[in-house]
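*Asks:* One structure follows; several queries about it will come next.
The numbers here are math on the coordinates, done by the rules we state, and not lab data. Since the model is a prediction, treat every value here as computed from it, not as a measurement. Note: ideal-geometry Cβ built from the backbone for every residue, glycine included; neighbour counts use all protein chains shown.
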Amino acid sequence: MSQLTILFLYTVAALAFGTSRFPQYSARAKALSLVAFLLCTIGLVLHGRLLYAALFAGADLSLASATSLIGLQLAAIALLGAFNESLRGVSAGLLLLGALFSLANGNGGDLPASALSWQMRAHVMTSMFAYGLLTVGTIVAIYALVQDRRLSRGKLSSVNSLFAPLETTERMLFGVSAAGFTVLALSVVSGITFVEDLFAQHLVHKTALSLLALLLFGILLCGRQFFGWRGKRAVYLYLASFAVLSLAYFGSRYILEELLGRSWG
């Protein structure tokens, strides 16, 4: 029941944020935005309580709980982004995806919370936070591609109201990229420091792919800083980097949990 409530709150908030961007609703934009902020905040509180019980009390580190945690991060960043009026269209998309992710439900942890050291918790949480940030960046990157295509084809319609200026979108993308890269680096360092068998056979694929993703994101940020990379080149490199990171986390985790019957971490 809680998950359906969260789904409802996020979805209605997303619709309110999106609707507030259309000119025909400009007179009601402020009221719609206030409703969206309120519903999103309530949804975040409920979602946070649900995940706290799963991740901390039950030590549920299943793939489903990890997906739900990303949904929480998507919704939180959507709420923060919505304080910039031009980004409320992006926030609507982030919230809709967060609503879908919130439906993921783990089977409960097999270990008591006390069985996990604070070091392992730190590693897992930084990993998840990094992936959540970079997931947001992926949505922004796709958003930028769609926006660029519409501009190049000269498409003018009311849907354009959902798009922020392309320069604003790119700044958001690289801001999220920098934050995600930083947290991902912390995750890799904490893994090397705290996970004794990080290069063991059952984890070597995850480790190698995570390092490759970190390198690719680093190249992207250096290209932006020193060579002014932008547009499709930057977006495609971002998406390729995220694909490698997804393989590192979800691909390796699926193989371990579903095919080999082993726990992750």
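*Asks:* Evaluate E = 1/(1 + (r/R0)^6) for ILE42 and ALA122, where r is the Cβ-Cβ distance and R0 equals 30 Å; express this FRET efficiency to the nearest 0.05.
*Replies:* Calculated transfer efficiency: 0.55.
*Asks:* Could you compute the FRET efficiency for PHE227 and ARG153, with r as their C-beta to C-beta distance and R0 at 35 Å, rounded to 0.05?
*Replies:* Values: r = 28 Å, r/R0 = 0.79.
Once the sixth-power term is evaluated, E becomes 0.80.
*Asks:* Tell me the label-point distance for the pair THR168, ASN84, using the 7 Å Cα-to-Cβ offset, in nm and rounded to one decimal.
*Replies:* If labels sit at THR168 and ASN84, their model points lie 0.8 nm apart.
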